[in-house]
Amino acid sequence: MSTDLTATWGQFGDYMGGTLNPILSFFAFVFLVRTLALQQQSIQIQKDELSLTREEMKKTTRALEIQNIEGVFFQLLKRNTELLNNIAFSTSTNGNGVQTLYLVLHPLINLEARDNESVIKGFLNSIKTIKVSAGPYLSNLYLIIDMIDKNNELDFVDKNKYIDIVKSQLTSWEVAFLFYYGQCEEGFHFAYFINKYGLFKNYDPSLINNKLTEYDHYDAFAFK
């Protein structure tokens with residue numbers, strides 16, 4: 001009797017084991033899959049958060065870089081105004097800044113000349129008296145534009161925004177000065193930026209000698 005009972009329970013145990021083991025294995029598999037899915041979800045959330053953090057860091061870094069660029073830009077622009085006001089005749093204290101440019105360039109308007117070369121020679125002779133003080137002004141102005149042009153943090157729109165600020169600061173007499181200067185051999189490097197960014201926004205043809213009918217170094221965009 002005892003042996004039969006033991007055999008019965010053994011058969012029952014085998015039955016239950018055969019029945020429950022697949023079920024338990026199934027639930028264990030489901031639990032494992034669920035656990036892996038949760039782990040993958042957690043990893044993806046961490047990746048997304050890390051990606052957002054990186055984007056925020058990029059934005060913050062770029063904002064700081066733009067802030068630094070603007071700081072230098074406006075310092076140089078302020079310095080440019082100071083250097084402009086320091087332009088004066090080397091032999092006289094009469095006039096400074098734009099007034100000096102007027103006194104130097106005005107005689108060129110009606111200068112009797114046969115061709116472009118003669119006008120440029122007249123310009124070179126005229127600026128001899130201000131060349132020492134005009135040099136730093138030209139160098140600083142070129143530095144401002146070159147800095148904006150070569151900065152990889154600025155896109156096309158940003159570059160033109162800053163250049164527009166520079167153009168808005170240039171008086172018609174400064175533009176006339178750059179017009180003559182860009183046609184000189186030593187000013188050819190300026191002609192590149194004049195054409196690229198249209199620096200002759202405040203161009204006044206009445207300030208230019210009418211013999212300069214051909215602008216060898218400027219294209220149409222320079223005047224837009």
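The values are calculated or read from the model by the stated rules, or taken from the named source; none is laboratory data. These figures come from a predicted structure and were not determined experimentally. FYI the Cβ positions are ideal-geometry reconstructions off the backbone, even for glycines, and counts take in every protein chain you see. Keep in mind that these areas ignore ligands, DNA and RNA; they rest on the heavy atoms of the full protein, side chains included. Shrake-Rupley method; radii C 1.70, N 1.55, O 1.52, S 1.80 Å.
What to note about this one:
- Members of region 181-197 found to be buried (at least 20 other Cβ atoms within 10 Å of the Cβ) and among the hydrophobic types (A, V, I, L, M, F, W, C), listed by number: 190, 191, 193, 194
- Pairing each residue of region 173-191 that is without any contact (Cβ under 8 Å) to a residue 60 or more places away in the chain and within 17 Å of residue 219 (Cβ to Cβ) with any residue that is open to solvent by 10 Å² or more (accessible area, probe 1.4 Å) and among the charged types (D, E, K, R), provided the two are 6+ apart or on different chains, yields C-beta distances under 8 Å for 175/201; 175/204.
- Hey, residue 139 more than 20 Å from residue 220 (Cβ to Cβ), over 18 Å from the mean Cα position of the chain (by Cα) and without any contact (Cβ under 8 Å) to a residue 12 or more places away in the chain or not: yes
- Neighbours by Cβ (under 6 Å, 6+ apart or cross-chain): first from region 85-105, within 15 Å of residue 138 (Cα to Cα) and open to solvent by 20 Å² or more (accessible area, probe 1.4 Å); second modelled with pLDDT under 90 and not in a loop (DSSP other than H, G, I, E, B): 86/133; 88/133
- Screening the candidates 61, 81, 53 for the property of being under 16 Å from the mean Cα position of the chain (by Cα) and surrounded by 10 or more Cβ atoms within 10 Å (Cβ to Cβ) yields one hit, 61.
- Within the span defined as region 198-220, every residue fails to be out of contact with any helix residue (DSSP H, G or I) (no Cβ under 6 Å at 6 or more places or on another chain), open to solvent by 50 Å² or more (accessible area, probe 1.4 Å), within 15 Å of residue 145 (Cβ to Cβ) and hydrophobic (A, V, I, L, M, F, W, C).
- Pair list, Cβ < 7 Å and 6+ apart or interchain, from region 195-208 residues that are in a helix (DSSP H, G or I) to residues that are at pLDDT below 90 and open to solvent by 50 Å² or more (accessible area, probe 1.4 Å): 195/219; 195/221
- Qualifying positions in region 141-174 - closer than 16 Å to residue 193 by Cα, outside any helix (DSSP H, G or I) and open to solvent by less than 20 Å² (accessible area, probe 1.4 Å): 170
- Members of region 114-129 found to be open to solvent by less than 70 Å² (accessible area, probe 1.4 Å) and more than 16 Å from residue 184 (Cα to Cα), listed by number: 129
- Considering the conditions (1) in a helix (DSSP H, G or I); (2) touching a His at 6+ places or on another chain (Cβ under 8 Å), residue 183 is excluded by exactly one of them, (1).
- Qualifying position, being farther than 30 Å from residue 123 by Cα and at pLDDT below 80, among 45, 23, 66: 23
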